[in-house]
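Okay, structure first, notes after.
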């Protein structure tokens, strides 16, 4: 829950994060701007508000709060082949990290989420003290954002 002041009153109006984000963004002209949000705000209403009402673009993290979207992306990327981009980082305090990125536009018309333009997957491999950690994070963007992988 978030809290917003009510103009002309001492009381505070309590609301959820999506409503709070929408109200906060209403104070700014975001037309044509890219709005990044974590999985907490990866919600249909917020995506639709950004794109249709505010003419902005989104860049959302997709996790378990959107289970159908997450499963669709996992399915699409399961046989992904070579990454579109690989970024090995310089050793930092003994830690080696490599990020791999895959992108697609093949599912756009089939995904059950408003205004999807380009889903992508970021996979991290971190080696530190003879241990290796791997993690994958899925993202979605609206049509106004295009990832250019060089």
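Coordinate-derived values only; no laboratory data. Since the structure is predicted, the reported quantities are computational estimates derived from the model, not experimental observations. Because the Cβ atoms are built from the backbone with ideal geometry, glycine has one as well, and the counts that use them run over all protein chains shown.
Helix 67-77 and the long axis of the chain differ in direction by around 30°, with both axes built from C-alpha atoms. Plainly put, the chain has a radius of gyration that is 1.06 times its Kirkwood radius, both from alpha-carbon atoms, as the Rg/Rh ratio. Sorted on the mean count of surrounding Cβ atoms within 10 Å across their residues, most packed first, peptides 84-90, 94-100, 35-41 read 35-41, 94-100, 84-90. Placing pseudo-labels 7 Å out from each Cα toward the beta carbon at residue 133 and residue 34 gives an inter-label distance of 2.6 nm.
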